[in-house]
Amino acid sequence: MPGVLAGAPAETRDDTFGCLAALADASPFRGSWVDVRVKPGFALVYVNGRYAGTAQQFTRPFRPLRVGLGPQHIEFRAPGYRTVSFWVSGDTAKVTMATGTVVKTP
C-alpha cells in the first residue's frame, strides 16, 4: 500500500455511481437530481436496485441524489419499516422532490 505509507489521501468511492468522488464532482453530469426529504434519515436509498446511500445523505444541506437519464426506480428501505418505491423520469437538469415518512411494519 504505497499510497497509505506515502501519506497520499485515500481514494473514496462516490456513493451514487461508483466513480471517484472527485471525478464525479468535476465532470459534467447529464441527468437529474432527486431532493430527498424522507424520514427516518437512516432509510437506505436504492436506485435501480443498486445501493446509493442513506436518505440523510441526500437531504439538504448535503446534496441531492443524482440519477441518470430515462426512467429511474427509487426505493427507500429500513429494517422494521415498509419499503417505499417509485419511478422518476430522469430528464436533463431536472430536480424532483421526494418527501414522506417510511411507515413502520405492524
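Every number in this text was worked out from the coordinates using simple rules, so none of it is lab data. All figures in this text were calculated on a predicted structure; none of them were measured in a lab. Neighbour counts run over all protein chains shown; Cβ positions are idealised from the backbone, glycine included.
Charged neighbours of ALA55, selected by a Cβ distance under 9 Å, balance to +2 (K, R count +1; D, E count -1).
Other residues whose C-beta falls under 14 angstrom from the C-beta of GLY100 contribute a net charge of +3, scoring Lys and Arg +1 and Asp and Glu -1.
Using 0.36 nm per residue and subtracting the Cα-Cα separation, the extra length available between ASN48 and THR101 on full extension is 17.0 nm. Say each of ASP91 and HIS73 gets a label point 7 Å from the Cα, pointing the same way as Cα to Cβ; how far apart are those two points in nm? My value for the distance between the label points is 2.4 nm.
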